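Every number here is computed from the coordinates shown, using simple stated rules; none is lab data. Owing to the predicted nature of the structure, the values given are computational and were not obtained by experimental measurement. With ideal geometry, Cβ positions are generated from the backbone for all residues, glycine too; neighbour counts draw on all protein chains shown.
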């Protein structure tokens, strides 16, 4: 959030663009806003986990929606766009989304299990 250019270029592997006016400033702003939204979502989730344990299965559903969107919806959106000139590699979220999605399904099933 505070160092959007590092997240954008080092983690997300996007190419630094130059021009007049400089488009990177606006792109960095969007990445910092996304980082702030993720931080707020994380704080709400942790507060819910600590204070309302019965709400944990609902949180797993929210997390599953987010990660399953990364797996199934984003590829459909970006299939019509050639993103190769704009990035140098895959983002960690795209690389590990199938694994995390599977793990979240397991955790969700464990969270709704009724103990005897």
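Full extension of the chain between residue 71 and residue 18 yields a length gain of 16.0 nm, computed as 0.36 nm times the residue separation minus the alpha carbon distance.
Extents of the chain, largest first, come to 65, 29, 19 Å (Cα atoms, principal axes, whole angstrom). Taking Cα atoms only, the orientation of helix 56-68 departs from the longest principal axis of the chain by about 30 degrees. Compared with the dominant principal axis of the Cα atoms in the chain, helix 92-112 is inclined by about 10°.
Using 0.36 nm per residue and subtracting the Cα-Cα separation, the extra length available between residue 111 and residue 83 on full extension is 6.3 nm.
In this label model, residue 43 and residue 102 are separated by 3.5 nm, measuring between points 7 Å along each Cα→Cβ vector.
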